[in-house]
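To start, the structure itself, in C-alpha cells.
The values are calculated or read from the model by the stated rules, or taken from the named source; none is laboratory data. None of the values given here were measured: they were computed from a predicted structure. Here the Cβ is made from the backbone with ideal geometry for all residues, glycine too, and neighbour counts use every protein chain on show. We work out accessible area using only protein heavy atoms, side chains counted, and drop any ligands, DNA or RNA first. Shrake-Rupley method; radii C 1.70, N 1.55, O 1.52, S 1.80 Å.
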Amino acid sequence: PINPEAYQRELPNGDLEYIPQITTAEVGVSIRYSKDERFVSGEFDRESLGSRYPILTLDYAKGFRGIFGSQYDYHRLAFNLEHKPKLGIFGKMRYNVFAGKYWGALPYPFLYVHPGNETYYWQTRAFNLMNFFEFISDSYTGFFLEHFFDGFILDHMPLVKHTGWRSVFTARALLGNISDIHQQEMVLPTFSKTFNASDSCKSK
C-alpha cells in the first residue's frame, strides 16, 4: 500500500490491524463475439476497425487460495456490450453497456474500482465527475453513451455554421453495491463511498 491510505483490517475488539501486503492468483477465460469485425494487422499487433454490429464480451476468473501465496478464493464474472452505429444524417453514436459480479470475500483493491478522473482532460472510459477510488463495488451495472451529431444541428444555425464547430452529447450512469463481507477483509479508504440511499449521488 502507498499513502494516503494504508491497508487495514478491523479486529473484533474494534482495533485496526495493519496489512503489509495482499496476494492473489487467478485463472481466467474471455469469450468475445463480433460479427464482421475488420482489423488492420501489423507485425506484432492488430487494431480493430469496428463492426456494424454489437460486440459482446464475457469474462470469467477464478481465484485460488494457497497457490503462489494467494490468500483468497473467489469468482468474478463481467459482461460488456459495445456498439458504434451510424445514423445517417443524424451522425453516429457510440455506447457501452457493462455489468459484473464478484463471489467470495476480497479486499477492495481486488474488487471493481470504478474509474474516476481528477485530471483536467476528458477521458472516454471514465466517470469524469467522479474522484479516484470514490466508488468500489462487488456487483455493478452501468453504461457510457456518446452521440456525435456531425453538423446536424450547428450546420443549420446562421453564423455558427461557418465556424466548423460540432456538437456532441454524452451520458454516463453507474449503479453498484459492495457487501459487508469485503469490508471485513479490509477497511475501505476514508475517501470512498458506497451506493446507498444516504449517498448524495448514485451516478456521475
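Loop-only check: which chymotrypsin sites (Phe, Trp or Tyr not before Pro) in segment 1-94 are DSSP coil with at most 11 other Cβ within 10 angstrom? Don't skip to the end; give the middle numbers.
Numbers: sites: Tyr7, Tyr18, Tyr33, Phe39, Phe44, Tyr60, Phe64, Phe68, Tyr72, Tyr74, Phe79, Phe90; in loops: Tyr7, Phe44, Phe64, Phe68, Tyr72.
Of the chymotrypsin sites (Phe, Trp or Tyr not before Pro), the ones in loops of segment 1-94 whose Cβ has at most 11 other Cβ atoms within 10 Å are Phe44, Phe68.
About its Cα centre, how strong a charge dipole does segment 17-56 have in debye, to the nearest 20, once Lys and Arg get +1 and Asp and Glu get -1 at the Cβ?
On the way: 5 positive and 7 negative charges, 68 e Å.
Computed about the Cα centre, the dipole is about 320 debye.
Between the listed residues Leu77, Thr124, Val187, the Cα displaced farthest toward the positive end of the dipole of the chain, a dipole computed from Cβ unit charges relative to the Cα centre, is found at Thr124. Ordering 116-123, 19-26 by mean Cβ neighbour count within 10 Å, with the highest value first, yields 19-26, 116-123. Rolling a 1.4 Å probe over the protein heavy atoms gives segment 61-144 an accessible area of 53 Å² per residue. Ranking Pro20, Tyr7, Leu106 by Cα position along the charge dipole of the chain, where only Lys, Arg, Asp and Glu carry charges on their C-beta atoms, puts Leu106 farthest toward the positive end.
Over the residues of the chain, the helix contribution to mean residue ellipticity at 222 nm works out to -500 deg cm²/dmol, using -39500 (n - 2.57) for each DSSP H run of at least 4.
Exceedance of the 23 Å cut-off in Cα-Cα distance is limited, within the set Lys35/Lys86; Lys62/Lys193; Lys35/Lys62, to Lys62/Lys193; Lys35/Lys62. Taking all Cα pairs closer than 8 Å and separated by 6 or more residues, the relative contact order of segment 68-177 comes to 25 percent.
Given Cβ point charges of +1 (Lys, Arg) and -1 (Asp, Glu) and nothing else, what value in debye, to the nearest 20, does the dipole of the chain about its Cα centre take?
980 debye
Length gain on complete extension for the stretch Thr124 to Phe169, per 0.36 nm per residue less the alpha carbon to alpha carbon distance? Could the numbers behind the result be given before it?
Values: separation 45, 0.36 × 45 = 16.20 nm, distance 1.24 nm.
The span from Thr124 to Phe169 would gain 15.0 nm if fully extended.
Relative contact order, percent, of segment 82-134 when contacts are C-alpha pairs under 8 Å separated by at least 6 residues? Intermediate values should be presented prior to the final figure.
On the way: 52 pairs, mean separation 12.1, N = 53.
RCO, segment 82-134: 23 percent.
The charge dipole of segment 1-121, taken about the Cα centre with unit charges on the Cβ atoms of Lys, Arg (+1) and Asp, Glu (-1), comes to about 800 debye, rounded to the nearest 20. Taking the centroid of alpha carbons for each part, segment 99-144 and segment 14-87 are 14 Å apart. Projected label points at Glu17 and Phe79, each 7 Å from Cα along the beta carbon direction, are separated by 3.8 nanometres.
Relative contact order of the chain, please, whole-number percent, based on alpha carbon pairs below 8 angstrom and at least 6 residues apart. Don't jump to the answer; show the numbers that get you there.
Details: 432 pairs, mean separation 33.0, N = 204.
That works out to 16 percent.
When Rg and Dmax of the Cα atoms in Å is computed from the coordinates, the matching label among (i) 29.5, 108; (ii) 20.4, 74; (iii) 21.3, 71 is (iii).
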